[in-house]
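What follows is a single structure, written as structure tokens, with notes after it.
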Amino acid sequence: MFYVFYALAVVFIVVWCVLWILHLTAIFHAKLKLHRKVDPYHGIPYEGVSILKPLKGVDTNLYYNLETFFTLQFPLYEILFCFEESTDPAIALVNSLIEKYPDIEAKIFIGGSTVGVNPKINNMHQGYLAAKYDYVMISDSNLKMKEETLTDMMQLMEDDVGIVHQIPFTADQDGFAAVIEKIYFGTAHARIYLFADFMQVNCHTGMSTLIRKSLLDDVGGIQSFGCYLAEDFFMAKSIMERGWRTRISSLPALQNPGCSSVRSFRERLKRWTKLRSAMVPHTILLEPISESLIIGAFTSWAVCVMFKWDPVVFYLVHVLIWFLLDYTLLSIIQNGSLPFNKFYFVIGWLYREINGPLIFLSAFWDSTIRWRSRTYKVHIGGIAEEISPKIKI
């Protein structure tokens, strides 16, 4: 029995060391890749970009967020606004922006197409078919853009690059939920995202992504990914399997919904956990032990077994160093002063670290995925099945 404990202790120590390497790599990669100076138009091929904006409903900051797409410092682009229903209140808002910026080419598409179970793909399909440029940018409704973002992304679209995507982050907002979201996207999420990008492993999210349209057309267009809820992962998988690279933009994607709640954020994380578990099932084992509090506890036991070290002291030192590195990573991604003080960071960080494993466990009590008014079941491999039709209101 002693040899079993010894072998298990070795495994935990090795995993612990790997996670520290991952953590440090993410920090150095962020420092190297993020927030570079963008030279306007320098090195950009004179090719246009079609921006797909799937929209549904109006949130607090929608007008301001959409306006930032009309003020991009890029010479040639169009904005294709896609709506599921003609009664969507955001249509009037978009029309007002089109009138305000007549020099920006923008169009509205209503109704979408039923090409799969993914409502985002269905919504964007008509806009995608009408896109006239060789590059398409898919951008979520709650994002605000810096003027130089599209320029930065196109500069990174080198000859062997198929996708340039932004690392998810958040704009500065008020409230405890906003604190938790910024900490999550700037620490736990960013560690994996940056390390995966460094290793050229698929970490792509479709929150804000620039893609060579020909690479999608070669496999039948975006409708080919309508059978997945995580269409972004499978788009990148398809493109990378054909030998193309992905790169991250030096400017993070700034989510700016204007209002959020802790509960809605928890539900969002649960949905992502279920999707990851279906797409890459080995994360069922790997993801929980990557949490600092869990791997710290296991490794504290391991060093006690192997070296007779004090597990309590080891655990406290482990948590402290992890905390400091997370603060460093968040500061790099923020690229400036955080919108909250260090006390709020401590509280928000502890809340995130404690709830991370709990969210992972709660995701398996109910395998169904609820996305707005629809309910889905995702099978191993990522294929989704709608099990509850849309609720008409």
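Assuming 0.36 nm per residue, please report the length gained on full extension of the stretch residue 96 to residue 161 beyond their Cα-Cα distance.
19.8 nm
With a Förster radius of 22 Å applied to the C-beta separation of residue 130 and residue 383, the computed FRET efficiency comes to 0.20. The GNM of the chain, with springs linking C-alpha atoms under 10 angstrom apart, assigns the highest mean-square fluctuation among 178, 190, 90 to 90.
A DSSP coil position with no more than 12 other Cβ atoms inside 10 Å describes the following GluC sites (Glu not before Pro) in the stretch 157-244: 158. Among the trypsin sites (Lys or Arg not before Pro) within the stretch 327-393, those in coil by DSSP and having at most 10 neighbouring Cβ atoms inside 10 Å are 372, 392. Taking all protein chains together, 203, 259 sort by accessible area into 259, 203, largest first [probe 1.4 Å]. Placing +1 on each Lys and Arg Cβ and -1 on each Asp and Glu Cβ, with no other charges, gives the stretch 74-221 a dipole about its Cα centre of roughly 280 debye.
Taking every DSSP helix (H) stretch of at least 4 residues in the chain, weighting each as -39,500 (n - 2.57) and dividing the sum by the residue count yields a mean residue ellipticity at 222 nm of -16000 deg cm²/dmol.
Peptides 25-36, 309-320, ordered by how many other C-beta atoms sit within 10 Å of their residues on average, highest first, read 25-36, 309-320. For the chain, the antiparallel share of DSSP beta bridges with both residues in that region comes to about 45%. The H on the amide N of residue 165, modeled in the peptide plane, is under 5 Å from the matching H of 210, 247, 248, 249, each at least 5 residues off or on a different chain. The largest accessible area among 205, 299, 60 belongs to the first residue in 60, 205, 299, and the rest follow in falling order (1.4 Å probe, all chains). For the chain, complete DSSP H runs whose alpha carbons reach 20 Å or more along their own long axis and whose mean Kyte-Doolittle score is -1.0 or higher are 2-33, 292-307, 311-334, 342-362. Cα centroids of the stretch 302-356 and the stretch 1-28: how far apart, whole angstrom? If you average the Cα positions of each part, the centres end up 17 Å apart.
How far is it, in nm, from the label point at residue 64 to the one at residue 146 when both lie 7 Å from their Cα along the line to the Cβ? With each label placed 7 Å out from Cα toward Cβ, I get 1.8 nm.
Let a ≥ b ≥ c be the square roots of the eigenvalues of the Cα gyration tensor of the stretch 137-177; is it rounded (a/c under 1.5), or, if not, prolate (a/b larger than b/c) or oblate?
Prolate, because a/c is 1.5 or more and a/b exceeds b/c.
Rolling a 1.4 Å probe over the protein chains gives residue 343 an accessible area of about 130 Å². Modelled spin labels at residue 71 and residue 199, positioned 7 Å past Cα toward Cβ, are 4.0 nm from each other.
Which trypsin sites (Lys or Arg not before Pro) in the stretch 45-148 pass both tests, a DSSP loop state and at most 12 other beta-carbon atoms within 10 Å?
When the trypsin sites (Lys or Arg not before Pro) of the stretch 45-148 are filtered for loop state and at most 12 Cβ neighbours within 10 Å, 132 remain.
The values are calculated or read from the model by the stated rules, or taken from the named source; none is laboratory data. It should be emphasised that the depicted structure is a prediction, and the values quoted were computed from it without experimental measurement. Here the Cβ is made from the backbone with ideal geometry for all residues, glycine too, and neighbour counts use every protein chain on show. Only protein heavy atoms, including side chains, enter the accessible area calculation; ligands, DNA and RNA are left aside. Shrake-Rupley method; radii C 1.70, N 1.55, O 1.52, S 1.80 Å.
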